[in-house]
Amino acid sequence: MKKIITTIICSLGMIVCFAQQEHQYTQFIYNKLAYNPGYAGSYDAACLTGIYRNQWIGLEGAPKTMGLSFDMPLLNKRVGVGMNINRNTIGISDQWTIDGIYSYRIAMGRGTLGLGLQASIRYFGVDYNDSRLVATQAINTDGGIPVGEQNKYLPNFGAGFYYSTQKFYVGVSVPRVLNSNIDFNSLSGTAEGTEVTHAFGMVGVMIDLTEKVKLQPQALFKYAHNSPFDMDFNASLIFDNKYTAGLTYRVGGSKDRAGESIDILASAHVTPNILFGLSYDITLSDLKDYNSGSLEAVIRYCFGSSEGEDIINPRFF
């Protein structure tokens, strides 16, 4: 019975994944390039960001995500270039994504507008020989289930804009436009599973409370066709431009629940060039009885300003 329950829960997790196929990050403020190509070059320096997310700890087959991104401004900050490399595993599936990103930056009012384009290649792999699979009969006796390891490579492209000042940012993006076939069962001759176009919106503002304390409310809006509208709303306090502590409420879960999660975030500029952050998600959805929450860690290193000088005042947008 325990194996049956675990199998059902993992199946539900895979359904959620394919409904919301893009990676999910709690610390999206430090990882905007994963959502919006218009962000490339927005920081004053070349920056390398690494992120690791272990979702639904204790639930076998739950999503795990690792990401590495790099971006930098060029040509007197009129151009931004960047790259994302991500790996996401869920159950028996393994997905790799590589994005190449270009952003043209236009001075507008007190800020800068980035118009971004990206091209991507994705690897989809599923191992139907995985020892964790449980069935009442041999899998190879069901013609509707592929056998062995299956994989695909799929190209795609996307676009977005990102406008920011020292106190405000807003952006809208569609990272992947094409609805490519990701179905490994070719017996029917039709695509039962496809990539779904996702749209993201983000907005944030910085409010000075005192000389050394700032309030930073922000939100990430997520939409995918045939999936419920989703949103992360965060409010953080920034102390002395070095330390950040905040809470995020993630909409979602079933209609009988108060949402998908409440997330606790903390980060610090260890040095002017190095930022380290941790977050912990407290699950509110129907899966709360089967996991111990989600943990995420991020580290960002910026190599200095585009003019080769040290970063004295780290930016949060």
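The values are calculated or read from the model by the stated rules, or taken from the named source; none is laboratory data. Note that the coordinates shown come from a computational prediction; the quantities given were computed from them, not determined experimentally. Counting neighbours? That spans all protein chains shown, and the Cβs are built from the backbone with ideal geometry, glycine included.
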Query raised in the report: Restricting the first residue to region 127-141 and requiring it to be farther than 20 Å from Ala62 by Cβ, which pairs with a second residue that is surrounded by 10 or more Cβ atoms within 10 Å (Cβ to Cβ) and at pLDDT 80 or above meet a Cβ separation below 7 Å and a spacing of at least six or different chains?
Result: Asn129/Glu149; Ile139/Tyr128
Report summary line: Of the conditions (1) aliphatic (A, V, I, L, M); (2) within 25 Å of Gln24 (Cβ to Cβ); (3) in contact with a Lys or Arg (Cβ under 7 Å, 6 or more places away or on another chain), the single one that Val79 does not satisfy is (2)
Requested in this report: Could you check how many residues of region 119-132 are surrounded by 15 or more Cβ atoms within 10 Å (Cβ to Cβ) and either modelled with pLDDT under 95 or in contact with a Phe, Trp or Tyr (Cβ under 6 Å, 6 or more places away or on another chain) (or both)?
Outcome: 6
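Yes/no matrix, rows are residues, columns are (1) basic (Lys, Arg); (2) surrounded by fewer than 16 Cβ atoms within 10 Å (Cβ to Cβ); (3) more than 21 Å from Ala34 (Cβ to Cβ):
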position: Leu215; (1), (2), (3): no, yes, yes
position: Ala219; (1), (2), (3): no, no, no
position: His225; (1), (2), (3): no, yes, no
position: Tyr249; (1), (2), (3): no, no, no
position: Leu265; (1), (2), (3): no, no, no
Requested in this report: Determine the pairs where a residue that is touching a residue at least 60 places away in the same chain (Cβ under 8 Å) and under 10 Å from Gly82 (Cα atoms), located within region 24-47, has a partner that is basic (Lys, Arg) and outside any helix (DSSP H, G or I) with Cβ atoms under 7 Å apart, the partner being 6 or more residues away or on another chain.
Outcome: Gly41/Lys77; Gly41/Arg105; Cys47/Arg300
Report summary line: Result of the Cβ filter at 7 Å on region 296-310, keeping first residues that are surrounded by fewer than 17 Cβ atoms within 10 Å (Cβ to Cβ) and partners that are charged (D, E, K, R) and modelled with pLDDT under 55, at least 6 apart or interchain, is Gly304/Asp310
Query raised in the report: Which of (1) within 21 Å of Phe28 (Cβ to Cβ); (2) aliphatic (A, V, I, L, M); (3) at pLDDT 95 or above is the odd one out, the single condition Val213 does not satisfy?
Result: (1)
Query raised in the report: Which of the following residues is in contact with a strand residue (DSSP E or B) (Cβ under 6 Å, 6 or more places away or on another chain), surrounded by 14 or more Cβ atoms within 10 Å (Cβ to Cβ) and among the acidic types (Asp, Glu): Asp208, Asp230?
Result: Asp230
Report task. Could you give me the residue pairs with C-beta distances under 7 Å whose first residue belongs to region 225-248 and is among the hydrophobic types (A, V, I, L, M, F, W, C), whose second residue is assigned to a loop (DSSP other than H, G, I, E, B) wherever it lies, and which are 6+ apart or on separate chains? Result -> Met231/Val251; Ile238/Phe316; Phe239/Lys212
